[in-house]
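Before anything else, here's the structure in question.
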């Protein structure tokens, strides 16, 4: 267990500039007080996730030096400069810790931003975005700018100086389901400046670039449910990915079962699994949160039983998730799904996006994944296309899906360009875990 430093020591280190040792670089010595603070945050949050999941999630012990070295290596391998920003709400203040590869980490404390005010602003921000009666309003911008001024602006000059392109957030309680992409600096959304991701903790994250360009996709989903709203565009979503954009296999409705998932994974080498179905992260134990299959639910506590690494799945995409806003346990389930499942990267939504919006954005994501240097950059390019009104729906042939004869549905999207510029449509999509 890492030792908590005193508040007096924390105040002394406000706005401190320190160096993290990096092989081959000459930098000033690291301030042990701030390093200890980083250790405390990582240790506390790791303990929170392990308590929630009732499981030992890692035996690794990553140091601040290891983290800086990993970011330096990732920059070389991906061509994208990365940073990790810890956002730590306290009862009476907001604490930020920014770690980069090639410059001293930065620590900032905002004494006037207490936890209650911060979390309340996040809730109002989310409500403005998801409210269906506000889709033609930009009132969410007031909250987007306020949150940006608290969370990003204090370290923005350092991000610019280090030419950061990928910004990974490690968020404290009450913030873990925040739509980060929609934060706004008065000129642009945050996703217009950075590829974005979120992690439960660096020690819980596999920080390693993955080349998915030649991999196969197992796409599965359901358009009809007994006790949930239908998802009529799912057949088109699956066919838009396989075989139009990627090699692999697609299965719908009656063939969307846990047994078939396991059978197909054993029969084929699929590094990407795409599940177009309802998934819910709800209050309570992990057993209450689930991914909906045709007639069964895969609860969060059962995720390791799938043995996603035998054979290895590098990316899981959940295109119709919902997280109970304002609930700490639901947020931990959402933010911890990658580490709990053992899958390095999960792309999921914070709330259920419109059928057509999901279809258009997911199609663009997979198209971008063919050439983008990282998964987060592929997602960013799809989100930018939505912001700029460049996403199109081009319905593919769907007769190749299994089983034959089940693909009759009444809400076939028409071909054409969609207006998906409101953040409701694109800011729900986020990368959890390995961003590279």
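Name the residues in the range 293-308 that are out of contact with any strand residue (DSSP E or B) (no Cβ under 7 Å at 6 or more places or on another chain) and over 18 Å from residue 58 (Cα atoms), would you?
Across the range 293-308, the qualifying residues are 293, 294, 295, 296, 306.
Would you mind listing the strands (runs of 3 or more DSSP E) fully within the range 117-234 where at least 3 residues are closer than 21 Å to residue 348 by Cα and more than 19 Å from the chain's Cα centre (by Cα)? First the steps, then the outcome.
Numbers: elements: 166-171, 195-199, 217-221.
Output list reads 217-221.
Also: Can you pull out the strands (runs of 3 or more DSSP E) entirely within the range 283-359 that have at least 1 residues that are under 18 Å from residue 229 (Cβ atoms), in contact (Cβ under 8 Å) with a residue 24 or more places away in the chain and in contact with a helix residue (DSSP H, G or I) (Cβ under 9 Å, 6 or more places away or on another chain)?
Numbers: elements: 290-292, 297-299, 315-318, 321-323, 345-349.
Filter on the range 283-359 gives 290-292, 315-318, 321-323, 345-349.
Can you tell me which residue among 147, 175, 183 is touching a residue at least 40 places away in the same chain (Cβ under 8 Å) and either surrounded by fewer than 16 Cβ atoms within 10 Å (Cβ to Cβ) or assigned by TED's automatic domain parsing to the domain that holds residue 94 (or both)? Can you show your working first?
Numbers: 147 fails: touching a residue at least 40 places away in the same chain (Cβ under 8 Å); 183 fails: touching a residue at least 40 places away in the same chain (Cβ under 8 Å).
Within the list 147, 175, 183, the selection yields 175.
With the checklist (1) in contact (Cβ under 8 Å) with a residue 12 or more places away in the chain; (2) in the same structural domain as residue 428 (by TED's automatic domain parsing) in hand, flag the one item residue 210 doesn't pass.
(2)
Can you name every residue in the range 352-362 that is more than 16 Å from the chain's Cα centre (by Cα) and modelled with pLDDT of 95 or more?
Those that are more than 16 Å from the chain's Cα centre (by Cα) and modelled with pLDDT of 95 or more: none in the range 352-362.
The values are calculated or read from the model by the stated rules, or taken from the named source; none is laboratory data. As the structure is a computational prediction, the values presented were derived from the model and not from experiment. When we count neighbours, we look across all protein chains shown, and the Cβ atoms used for this are built from the backbone with ideal geometry, even at glycine.
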